[in-house]
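The values are calculated or read from the model by the stated rules, or taken from the named source; none is laboratory data. A quick note: this is a predicted structure, and the numbers were derived from the prediction, not measured. Because the Cβ atoms are built from the backbone with ideal geometry, glycine has one as well, and the counts that use them run over all protein chains shown.
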């Protein structure tokens, strides 16, 4: 029963981490573009000249795509584990609750397969 307390916070953490990754990369991209155009600070421009800003721009899309896929799959697997845990606690008695849990589990499994095909 104690594991049910972790479901919602972990789902929220995965979705928050995905938003932080996406918007963090956008913030870094804006900062790199702003720093490249502003040459008032010589040390910062030298730092950007020796850094791999071009490499960052190439890897940004790949990282966002891979981390987004991983976090989406983790959220769906957490939902599936949540449904299995509720089913295990409730017992399989073939009532309306069991039918709804089974249909939700099938829906989550189909969404996982769809994400894998799209990826």
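Listed here are the residues, each with its yes/no results for (1) at pLDDT 85 or above; (2) closer than 22 Å to residue 21 by Cβ; (3) surrounded by 13 or more Cβ atoms within 10 Å (Cβ to Cβ); (4) out of contact with any strand residue (DSSP E or B) (no Cβ under 7 Å at 6 or more places or on another chain).
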{"site": "41", "(1), (2), (3), (4)": "no, no, no, yes"}
{"site": "44", "(1), (2), (3), (4)": "no, no, yes, yes"}
{"site": "51", "(1), (2), (3), (4)": "no, yes, no, yes"}
{"site": "55", "(1), (2), (3), (4)": "no, yes, no, yes"}
{"site": "61", "(1), (2), (3), (4)": "no, yes, no, yes"}
{"site": "67", "(1), (2), (3), (4)": "yes, yes, yes, yes"}
{"site": "70", "(1), (2), (3), (4)": "yes, yes, yes, yes"}
{"site": "74", "(1), (2), (3), (4)": "yes, yes, yes, yes"}
{"site": "87", "(1), (2), (3), (4)": "no, no, yes, yes"}
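For residue 28, the stated conditions do not hold, so it cannot be described as in contact with a helix residue (DSSP H, G or I) (Cβ under 9 Å, 6 or more places away or on another chain), assigned to a helix (DSSP H, G or I), modelled with pLDDT of 85 or more and surrounded by 14 or more Cβ atoms within 10 Å (Cβ to Cβ). Residue-level analysis places residue 118 among those that are at pLDDT 80 or above, surrounded by fewer than 11 Cβ atoms within 10 Å (Cβ to Cβ), more than 30 Å from residue 3 (Cα to Cα) and out of contact with any helix residue (DSSP H, G or I) (no Cβ under 7 Å at 6 or more places or on another chain).
Filtering the stretch 77-97 to residues that are part of a helix (DSSP H, G or I), more than 17 Å from residue 3 (Cβ to Cβ) and either in contact with a helix residue (DSSP H, G or I) (Cβ under 7 Å, 6 or more places away or on another chain) or touching a residue at least 12 places away in the same chain (Cβ under 8 Å) (or both) leaves only 97.
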